[in-house]
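**Student:** Take this structure first; my questions come after.
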Amino acid sequence: DSGVTQTPKHLITATGQRVTLRCSPRSGDLSVYWYQQSLDQGLQFLIQYYNGEERAKGNILERFSAQQFPDLHSELNLSSLELGDSALYFCASSVNRDAYSGANVLTFGAGSRLTVL
Amino acid sequence: GQSLEQPSEVTAVEGAIVQINCTYQTSGFYGLSWYQQHDGGAPTFLSYNGLDGLEETGRFSSFLSRSDSYGYLLLQELQMKDSASYFCASTGGGNKLTFGTGTQLKVEL
């Protein structure tokens, strides 16, 4: 157990629907990162939050949004789902505010596997 | 933009040494990290190079050359459990931590 909790582990839904993925960071970590990993693909950076504020943004689609709450948990909302959104969505946390702070070790959750039919 | 290129697949035998290369093009480069990911699992941190040279952590070592925009991960005394995907990652402009394309390592008997 890495200490980063993601729910749900698996989710199957239909095109056009909306889903919310939830992440609780490791105790003491203030940064939360979201990554998307499609089949046999690398990890695509979506967005990062630090202590409730957006810190960095990747190639996140406009149909996707995220936020980090005062208790530091984060949610990733995916709407108007398309077949191509089927992927493993990882949340990771770190203690650092900035991705370039030293080693900035990211601790990943087990992921949420989204299947869009 | 940022890009990190790795070989897609490497195969080696148990007990051998294998090197996984990573070349990068990033603005505002700070350092290079390496992560391991088993099939369907979460990526886990292996090593970080903030300065040029070699960092050793048990059977794993990582190297960085900023002048060549190049790094590698060296795995020694390979074990079957080392079969996994390995990703290099770097931080560039905009505070983004970008991962490489990933290298699938297959360890054979």
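**Student:** Pick from the range B:72-93 the residues that are within 17 Å of B:Thr23 (Cβ to Cβ) and within 14 Å of chain A (Cβ to nearest Cβ): which of them is surrounded by the most Cβ atoms within 10 Å (Cβ to Cβ)? Quick ask: steps written out before the conclusion?
**Tutor:** Residues of the range B:72-93 that are within 17 Å of B:Thr23 (Cβ to Cβ), as a first pass: B:72-74, B:86-92.
Retained after the next criterion (residues that are within 14 Å of chain A (Cβ to nearest Cβ)): B:86-92.
Details: B:Tyr86: 25, B:Phe87: 24, B:Cys88: 30, B:Ala89: 25, B:Ser90: 28, B:Thr91: 23, B:Gly92: 21.
Checked the range B:72-93; the qualifying residue surrounded by the most Cβ atoms within 10 Å (Cβ to Cβ) is B:Cys88.
**Student:** State yes or no: is B:Lys96 crowded, with 19+ Cβ neighbours inside 10 Å and of a type in the set (Lys, Arg)?
**Tutor:** Working: crowded, with 19+ Cβ neighbours inside 10 Å: yes; of a type in the set (Lys, Arg): yes.
Here the answer is yes, as B:Lys96 does meet what is asked.
**Student:** If you take just the strands (runs of 3 or more DSSP E) that sit entirely in the range B:1-53, which of them hold at least 3 residues that are more than 11 Å from every other protein chain (Cβ to nearest Cβ), surrounded by 15 or more Cβ atoms within 10 Å (Cβ to Cβ) and not small (Gly, Ala, Ser)?
**Tutor:** Values: elements: B:3-5, B:9-13, B:18-25, B:32-37, B:44-49.
Output list reads B:18-25.
**Student:** Checking the structure you have, find out if any residue of the range A:56-79 is crowded, with 16+ Cβ neighbours inside 10 Å and at positive phi.
**Tutor:** Yes - at least one qualifying residue is present in the range A:56-79.
**Student:** Quick test of your reading of the structure: A:Thr15 fulfils all but one of (1) open to solvent by 60 Å² or more (accessible area, probe 1.4 Å); (2) within 14 Å of another protein chain (Cβ to nearest Cβ); (3) among the β-branched types (Val, Ile, Thr). Name the failing condition by number.
**Tutor:** Every condition holds for A:Thr15 apart from (2).
**Student:** Would you please name the residue that is surrounded by the most Cβ atoms within 10 Å (Cβ to Cβ), looking only at residues in the range A:80-95 that are farther than 18 Å from B:Leu97 by Cβ and in contact with a Gly (Cβ under 8 Å, 6 or more places away or on another chain)?
**Tutor:** Filtering first and then ranking leaves A:Leu81.
**Student:** Let me ask another. Could you identify the single residue in A:Ala103, A:Ala92 that is within 18 Å of B:Thr44 (Cβ to Cβ) and more than 13 Å from the chain's Cα centre (by Cα)? Let's see the steps before the verdict.
**Tutor:** Details: A:Ala92 fails: more than 13 Å from the chain's Cα centre (by Cα).
The conditions single out A:Ala103.
**Student:** Quickly run through the range A:28-45 and pick out the residues that are at pLDDT 95 or above, farther than 17 Å from A:Phe69 by Cβ and either more than 10 Å from chain B (Cβ to nearest Cβ) or in a loop (DSSP other than H, G, I, E, B) (or both).
**Tutor:** Once the filter is applied, which keeps residues that are at pLDDT 95 or above, farther than 17 Å from A:Phe69 by Cβ and either more than 10 Å from chain B (Cβ to nearest Cβ) or in a loop (DSSP other than H, G, I, E, B) (or both), the range A:28-45 yields only A:Gln36.
**Student:** In the range A:60-80, what residues are of a type in the set (A, V, I, L, M) and more than 16 Å from the chain's Cα centre (by Cα)? Before you say what the answer is, go through the steps one by one.
**Tutor:** The initial filter retains those residues of the range A:60-80 that are of a type in the set (A, V, I, L, M), namely A:60-61, A:66, A:72, A:76, A:78.
Of everything in the range A:60-80, nothing turns out to be of a type in the set (A, V, I, L, M) and more than 16 Å from the chain's Cα centre (by Cα).
**Student:** What's the number of the condition A:Asp98 fails, among (1) over 14 Å from A:Leu21 (Cα atoms); (2) more than 14 Å from chain B (Cβ to nearest Cβ); (3) open to solvent by less than 60 Å² (accessible area, probe 1.4 Å); (4) among the charged types (D, E, K, R)?
**Tutor:** Here A:Asp98 clears every test but (2).
**Student:** Sticking with this structure for a sec: Can you work out which of the residues in the range A:37-55 that are among the polar types (S, T, N, Q) and open to solvent by 30 Å² or more (accessible area, probe 1.4 Å) is nearest to A:Ser86 (Cα to Cα)? Break it down stepwise before answering.
**Tutor:** Step one: filter the range A:37-55 for residues among the polar types (S, T, N, Q), giving A:37-38, A:41, A:44, A:48, A:51.
The next check asks that each one be open to solvent by 30 Å² or more (accessible area, probe 1.4 Å); those that pass are A:38, A:41, A:44, A:51.
Details: A:Ser38: 7, A:Gln41: 12, A:Gln44: 13, A:Asn51: 29 Å.
It comes out as A:Ser38.
**Student:** Continuing with this model, one more query. All but one of (1) crowded, with 18+ Cβ neighbours inside 10 Å; (2) within 14 Å of chain B (Cβ to nearest Cβ); (3) hydroxyl-bearing (Ser, Thr, Tyr) hold for A:Ser24, so report the exception by its number.
**Tutor:** Answer for A:Ser24: the failing condition is (2).
**Student:** Then there is this: Failed condition for A:Gln48, given (1) in contact (Cβ under 8 Å) with a residue 40 or more places away in the chain; (2) part of a loop (DSSP other than H, G, I, E, B), with all others met?
**Tutor:** Condition (2) is where A:Gln48 drops out.
**Student:** Going through the range B:79-109 one residue at a time, which ones are hydrophobic (A, V, I, L, M, F, W, C) and touching a Gly at 6+ places or on another chain (Cβ under 6 Å)?
**Tutor:** Taking the range B:79-109 and keeping what is hydrophobic (A, V, I, L, M, F, W, C), we get B:80, B:84, B:87-89, B:97, B:99, B:105, B:107, B:109.
Scanning the range B:79-109 gives B:Phe87, B:Cys88, B:Phe99.
The values are calculated or read from the model by the stated rules, or taken from the named source; none is laboratory data. Worth saying up front: this structure is predicted, and the values here are computed from it rather than measured. Please note: Cβ atoms are built from the backbone with ideal geometry, for glycine as well, and neighbour counts cover all protein chains shown. SASA here: full protein model, heavy atoms, side chains in, ligands and nucleic acids out. Shrake-Rupley method; radii C 1.70, N 1.55, O 1.52, S 1.80 Å.
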